[in-house]
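The next block holds one structure in the form of structure tokens; read it before the comments.
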């Protein structure tokens, strides 16, 4: 029979590794755009531009 005290450091190491490896994947992300929006050949003025996140991967984020 394995001593429970010998397994304890392994369990703590596994839990820490799990949380540290998942913390990078849950970080907040941001994107920006810079340029000039044209309507035909004239600059567009007073226009609201919206950027949407398009998830194409297997796992979709269900919260913001």
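Below, the figures for the structure above:
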| read-out | value |
| --- | --- |
| Residue that is outside any helix (DSSP H, G or I) and either modelled with pLDDT of 85 or more or exposed (fewer than 10 other Cβ atoms within 10 Å of the Cβ) (or both), where the choices are 22, 46 | 46 |
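So that you can scan it fast, the table gives a plain yes or no per residue for (1) in contact with a helix residue (DSSP H, G or I) (Cβ under 8 Å, 6 or more places away or on another chain); (2) at pLDDT 70 or above; (3) part of a loop (DSSP other than H, G, I, E, B):
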residue: 12; (1), (2), (3): no, yes, no
residue: 16; (1), (2), (3): no, yes, no
residue: 53; (1), (2), (3): no, yes, yes
residue: 57; (1), (2), (3): no, no, yes
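The values are calculated or read from the model by the stated rules, or taken from the named source; none is laboratory data. Only a predicted model underlies this, so the values are computations on that prediction, with no experimental measurement involved. Neighbour counts are summed over all protein chains in view; Cβ atoms, including those assigned to glycine, are modelled from backbone coordinates with ideal geometry.
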